[in-house]
Each structure stands twice: as C-alpha cells, then as structure tokens.
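Written out below as structure tokens is the structure these notes cover.
The values are calculated or read from the model by the stated rules, or taken from the named source; none is laboratory data. The structure displayed is predicted, hence computed values, not measured ones. Cβ placement follows ideal geometry from the backbone for every residue including glycine, while neighbour counts extend to all protein chains displayed. In case anyone asks, the SASA skips ligands and DNA or RNA and just uses the protein heavy atoms, side chains included. Shrake-Rupley method; radii C 1.70, N 1.55, O 1.52, S 1.80 Å.
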Amino acid sequence: GSGGWVCTATSAPTFIEGGSWTLQIRVAVGTNTSPLSNSIPVSAGTSSPGTAWSGTGSGVVTILNDGTATGQPQMQYQANGYPVFSGNWSFSTVAPATETVNLTFAWSGGHGPYFMAATGLDVFVNRGGADVSVATLVNDGAWPCCVPPSLMFEYAGATSVAVQAGDTYGFRLRGSHYDGSYILQGTFGVKVGGTPQFAVNVRGTAGGTELDAYSIPRPVRVFGGTLAAGQQVVVTAAGMVTRATGALPNGPAGDGGTCNSGCLAPDLSPLALVARIGGGPWQLVGAGPTVLTATSPGLLEFGVNDDYFPDNSGGFIATVSWVAAPPH
C-alpha cells in the first residue's frame with residue numbers, strides 16, 4: 001500500500017563481468033513489504049564492448065555509461081514537475097556487423113508514483129529509417145494506487161535481435177501517470193552480448209490480480225523477456241509466498257497438494273512457481289533447476305499457482321540462465 005512509501009530515484013542492477021554478484025530485492029504486495037529471501041548469488045556472463053549507445057527523450061537524459069569500454073551501457077532519465085504526465089525515451093546504438101545480438105536489460109524507477117502509473121518497453125531494429133522489427137517487453141498499468149507499476153517498479157529480462165551492419169537497434173521506453181507528485185524517472189541498463197543471466201522479482205500475486213484503491217481487481221503480469229522457438233533456459237528460484245493472513249508460507253515448490261480447476265495449473269501444487277512461454281500452458285518451475293523449452297517464440301512469463309491472488313503476500317526470485325544463443 002501507500003503507507004510509509006517514499007519514491008526516490010533508483011539505479012538499475014549493475015552487470016558485473018565474470019565471477020558472481022549478489023542480488024537483494026524487497027517486494028511490496030498490498031501493505032505487506034517483506035524480503036523475498038536471503039542474498040541470492042547470480043552468475044554474471046561476459047558482455048561485449050562495441051559501438052557507443054546514445055539516449056534521447058523527455059526531460060533530462062543522462063548517459064551513465066555509453067558501453068564502448070564495458071558492453072554495459074546505462075542511461076537515466078528525469079521528467080519531473082508540473083505539468084509533465086508522460087514521457088518517451090530511446091536508448092540505442094548502431095550495429096557494426098551483421099549478427100544476432102543478445103541483450104540483457106534491467107529497468108527500475110518510479111512514475112507518479114501512485115495514481116495511474118504506467119510503463120512500456122519495446123526492443124526494436126531500424127533499417128534505413130524504417131523499423132524492421134519491434135517487440136514489446138513491458139506494457140504495465142495504468143491502474144489507481146497501489147497496483148504495479150505504482151510506487152516503484154523493477155523489470156529484468158533478456159531478448160535477442162538480428163541486425164545488419166548499419167542498423168540502429170535498442171530500446172524504446174515510455175511512462176505516464178496522473179499523480180500530483182509529478183515524478184517520472186528511472187534508470188535503464190543493458191548488457192550487450194554474452195549468454196544472458198538475470199533475476200526476476202515474482203510477486204506472490206503474479207499471474208493473477210491485486211485490488212486497487214477502489215477494490216477493483218487489476219492484472220499482475222511478470223515477464224522475463226523473449227525467447228526464440230527452440231530456445232532453452234534454466235530457472236532456479238528461492239523465496240516464500242503466503243496465502244492469506246495467518247497461513248504458513250510456502251517455497252517455490254508450493255504446499256505439496258493439488259490445485260483446483262480455478263488455478264493457473266490445476267494439476268500442480270498450490271502456490272508453486274510456474275512459468276509459460278508465449279501464452280502457452282503453465283509449467284512447474286519450483287525451486288529448480290528447471291529447464292524450459294520454447295516450442296514457439298514469445299514472452300517468458302512467471303506466475304504463482306493459485307485461484308485467488310489478492311490475499312497473497314511475499315514472492316519469489318527466479319534466476320534465469322539462457323542455455324545457449326537462440327536459434328535463427
């Protein structure tokens with residue numbers, strides 16, 4: 001809920017070359033704010049230095065890292081103050097060669113941050129002034145407080161683009177709100193190349209709904225980028241989800257029972273972490289490691305196996321590792 005929350009500028013997770021890094025995330029569900037788990041180590045892949053990334057858009061856009069030395073470009077935007085209620089931004093580079101490029105992304109910030117906050121993210125390839133491919137990675141909101149992406153938002157995932165030398169490719173961001181705080185700011189980072197590895201914050205209500213300030217159920221969707229047909233990922237998970245006040249918490253494997261016909265996956269355990277690709281059937285992830293194979297291209301989506309979501313609290317951290325470069 002909104003009690004006790006203060007929206008401040010945030011930084012996207014930093015991609016670290018080689019070795020491992022530690023991720024700690026706190027998640028808010030309704031009025032319950034709780035750590036998902038202890039520190040979770042996430043292996044970091046190798047990024048590829050390349051051409052400089054540039055950013056444009058509403059308000060003030062700051063390039064924190066153009067990626068030429070590290071392959072980890074990062075930008076920050078601020079379009080705060082009256083009467084700004086919406087903004088659009090682009091973060092892109094020019095392809096030096098014909099190739100398929102893996103892109104791991106992380107986006108955090110606050111729009112509003114309470115009333116009618118909305119976020120959107122597309123990955124694109126532009127050739128000769130015309131888009132040849134555009135894929136939507138995030139399209140969230142706009143709902144009255146306090147359903148995501150109200151308050152503060154975090155997204156992470158990976159995708160790939162097929163480019164020709166001279167193409168412009170990258171990401172387009174958009175945001176809006178109708179809040180009297182007039183906050184529209186965020187940080188967006190990319191790791192270029194390598195085999196993507198990232199962590200997704202899966203709320204206990206993912207795949208279902210949360211009640212807004214007017215007790216109207218609003219959808220909660222959690223994605224981790226896109227996968228090509230035939231591509232595989234390995235997912236591990238940690239954390240706890242509690243169904244209703246006073247109930248015992250459960251880990252990613254669920255409570256060990258069998259869910260009813262109203263659940264995302266009726267034959268699987270209640271409160272288990274599940275996933276699907278491209279709107280296909282939900283599959284058990286559990287604690288993993290679990291291999292998921294994309295039988296068709298589409299968004300990687302996570303959910304919690306339940307039939308009634310608004311009273312859930314807590315959440316899971318799903319760590320996703322691509323097995324190999326996507327087939328083309």
Label-point gap, in nm, between Thr100 and Ile216 - each point 7 angstrom along Cα→Cβ
4.2
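Report, to the nearest whole %, how much of the accessible area of the stretch 98-149 belongs to carbon and sulfur atoms, 1.4 Å probe, protein only.
Values: 820 of 1600 Å².
Ligands and nucleic acids excluded, carbon and sulfur give 51 percent.
Mind checking the full-extension length gain between Ser261 and Thr293? Use 0.36 nm per residue of separation minus the Cα-Cα distance, one decimal, nm.
Details: separation 32, 0.36 × 32 = 11.52 nm, distance 2.49 nm.
Once the chain is fully extended between Ser261 and Thr293, it gains 9.0 nm.
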Where in the stretch 226-252 is the amide nitrogen less than 13 Å from a point lying 7 Å along the Cα-to-Cβ axis of Gln283?
227-236
In terms of the Cα gyration tensor, with a ≥ b ≥ c the square roots of its eigenvalues, is the stretch 167-213 rounded because a/c is under 1.5, prolate because a/b exceeds b/c, or oblate?
oblate
Going by Cα centres, the stretch 100-122 and the stretch 152-176 are how many Å apart?
10
For the pair Leu64 and Val134, the simple spin-label estimate (label points 7 Å beyond Cα toward Cβ) gives in nm 2.7
Given a 1.4 Å probe, how much area per residue of the stretch 66-181 is accessible, in Å²?
35
What residue among Thr319, Val291, Ala229 has its Cα farthest toward the positive end of the dipole of the stretch 203-328, where the charges are +1 on Lys, Arg and -1 on Asp, Glu, each on the Cβ?
Ala229
Carbon plus sulfur, as percent of the 1.4 Å-probe accessible area of the stretch 267-328, comes to 57
